[in-house]
1. Using the beta-carbon distance between residue 326 and residue 171 and R0 = 45 Å, what value does 1/(1 + (r/R0)^6) give for FRET efficiency, to the nearest 0.05?
2. Quick check: Cα centre of the stretch 289-327 to Cα centre of the stretch 1-21, how many Å?
3. Helix 195-204 sits at what angle to the longest principal axis of the chain, using alpha carbons and giving 0 to 90 degrees rounded to 10?
4. If each residue's Cβ is checked for other Cβ atoms within 10 Å, how do 146, 264, 251 rank with the fewest at the top?
5. Note the angle between two axes, namely the Cα long axis of helix 92-113 and the longest principal axis of the Cα atoms of the chain, as a number of degrees from 0 to 90, rounded to the nearest 10.
6. Using Cβ counts within 10 Å as a stand-in for footprinting exposure, how do 323, 150 rank, fewest first?
7. Compute the separation of the alpha-carbon centres of the stretch 253-286 and the stretch 118-195 and state it in Å as a whole number.
8. Using 0.36 nm per residue of separation minus the Cα-Cα distance, give me the extension gain between residue 273 and residue 69 in nm, one decimal.
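What follows is calculated from the coordinates using simple rules that are stated; it is not laboratory data. Quick caveat, the model's predicted, so the values are computed rather than measured. Here the Cβ positions follow ideal geometry from the backbone for every residue, glycine too, while neighbour counts run over all protein chains shown.
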């Protein structure tokens, strides 16, 4: 891998993945311009990096073309992480517009300056495919259009197709990364952060731990350092250009097992009990579909990028539990 310093543009820089990637980029001597509108990102996430001589923060929105018109034109790589996630309780319009129009603006800027563009996608694009583990050239099986959760998957699939079309028509390289269950420090503290974020919150605050359905649905969870290693390799390696990669861990675990693992990590300090919530009670009258198994084939990333998840699930969850606990302690001290 060529680690020669580069100038990077990172969207969503104050979010979970963006802030962790920022630390790695600066540590490796790269110059970074970061964009964030702070709708989901937090200034605290980048507090350690904010005064770094090689980092410039732009507080603006990727939905505005003017955000990109004001930028220099000497970037080596654009890493597009800004996105809206599954519209579980509304905001489907924001999800679709942010992910489609925002990506289009990023790609237009990349076209203008003929710059490599690494785009964050999601394991959600595989939808309800029965073909496991999911491989990058496998089928994407999206559910009922009346189920709002699929707005996120569809918007990311659109981004993927748009990026590949831009690469073909305008001759600049793109890389697509499908993330599987990233977690760790700086994760969002609500359900946006994933089930582990919700479960840790409940354990720390002695609230019932909600599990949808019967808890037998499975996921794989990837510690953020391992996800960032994949992003970094994709950005730095020309071999990645034009490719799609699954970035994730391979350990499959049920959601019920995850909840019990976090209870174990808490050392019995919480009185929280697991509560099963039937699917028809989740979305307040809106249709809901779950994905019962989500497991990546990461062979391609291992072979071409040289990256493989190294952090064990228990070690990563333990670190994440302590981080979230410390965040709450600081918040309580302030209040």
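1. On the way: r = 48 Å, r/R0 = 1.06.
Taking R0 as 45 Å, the efficiency between residue 326 and residue 171 is 0.40.
2. Using only Cα atoms to place each centre, the spacing works out to 19 Å.
3. Long axis of 195-204 versus the principal axis of the chain: about 50 degrees.
4. Working: 146 9, 264 12, 251 15.
Starting with the residue having the fewest Cβ neighbours, the order is 146, 264, 251.
5. Helix 92-113 and the main axis of the chain meet at about 30 degrees.
6. Details: 323 14, 150 22.
In order of increasing Cβ crowding within 10 Å: 323, 150.
7. Centre-to-centre (Cα) distance: 25 Å.
8. Full-extension gain reported as 68.2 nm.
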